[in-house]
Amino acid sequence: MKHIGRYVCIVSLLSFWIPFAAAQNTATIEIGFGTVHVKSNGSGIDNFNSLNAGNTCTPGTGDIYCQANPSLNNFFLGFGGDVLLSKHFGVGGEISFMPSKGNYGPLLFRETFYDFDGIVVPYRNKHVALKLMGGIGGSKTGFSINESSCVGTAVCSNYTQSFGSSNHFQIHAGAGVEIYLTKSLFIRPQFDLHYVPSFTEQFGSVAVPGGMIWIGFRTGNH
């Protein structure tokens, strides 16, 4: 609930920001969905039956408790917005995250990317716009474990406990084609590349390609 509440707050802030920004020129608020793809780093983590529980290991070396780290190819949900300060230039920001946790060896994990971008719109008409963006931000890999406890044999409960997180700086680049369904409503397929210099601590590459489909509403002067 805390994780969902955090993004509800972001959307609420954007809803206050959009009317102000629209008075300056044009602004959007948008929601998106998509995925990213990066291979496993080939390492593993010993599960909680091992004396080395929670520490790194190498799969395939005879350690029966070693569970391999996964690749990253999960479903992502996103929120974003931008302000076009002129016909061709603007600023914006995006945040995308896994709404459902995935398995990371014996752990659970949730990945989040966020960035603040400069925006260039080299081509734009009433029906379509090409949008290029680039900026900086961060990524967060949050880890947790799922535990259960029972009172006798009749009453049992499951709960999730944080197991720490790993935060990284990232450089973001993106390109999308904004297609207007009405004067204000649009859909934008977008390709993204996240360059995360220390991402090999969790996954198998520092380059993380992905794609999102954004649905948004633009206000102001088109």
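Read-outs: derived from the displayed coordinates by stated rules, not from any lab. Being a predicted model, the structure only gives us computed values, none of them experimental. Backbone-built Cβ (ideal geometry, glycine too); neighbour counts: all protein chains shown.
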Filter the stretch 167-222 for residues that are under 23 Å from Tyr123 (Cβ atoms), in contact (Cβ under 8 Å) with a residue 60 or more places away in the chain and polar (S, T, N, Q); the one that is surrounded by the fewest Cβ atoms within 10 Å (Cβ to Cβ) is Asn221
Which residues, taken from the stretch 83-98, are closer than 15 Å to Ser139 by Cα and either assigned to a strand (DSSP E or B) or out of contact with any Phe, Trp or Tyr (no Cβ under 7 Å at 6 or more places or on another chain) (or both)?
Gly93, Glu94, Ile95, Ser96, Phe97
If a residue has to be closer than 20 Å to Lys101 by Cα and touching an Asp or Glu at 6+ places or on another chain (Cβ under 8 Å) to count, how many in the stretch 45-75 make the cut?
5
Scan (1) surrounded by 13 or more Cβ atoms within 10 Å (Cβ to Cβ); (2) not in a strand (DSSP E or B) for the single condition Leu108 breaks and write down its number.
(2)
Qualifying residue in the stretch 59-82 (condition: among the hydrophobic types (A, V, I, L, M, F, W, C), buried (at least 19 other Cβ atoms within 10 Å of the Cβ), in a strand (DSSP E or B) and more than 25 Å from the chain's Cα centre (by Cα)):
yes
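In the stretch 43-57, which residue that is of a type in the set (Ser, Thr, Tyr) and within 28 Å of the chain's Cα centre (by Cα) is surrounded by the fewest Cβ atoms within 10 Å (Cβ to Cβ)? Give the derivation first.
Looking only at the stretch 43-57, we keep the residues that are of a type in the set (Ser, Thr, Tyr), and these are 43, 50, 56.
After this cut, where a residue has to be within 28 Å of the chain's Cα centre (by Cα) as well, the list is 43, 56.
Details: Ser43: 18, Thr56: 12.
Checked the stretch 43-57; the qualifying residue surrounded by the fewest Cβ atoms within 10 Å (Cβ to Cβ) is Thr56.
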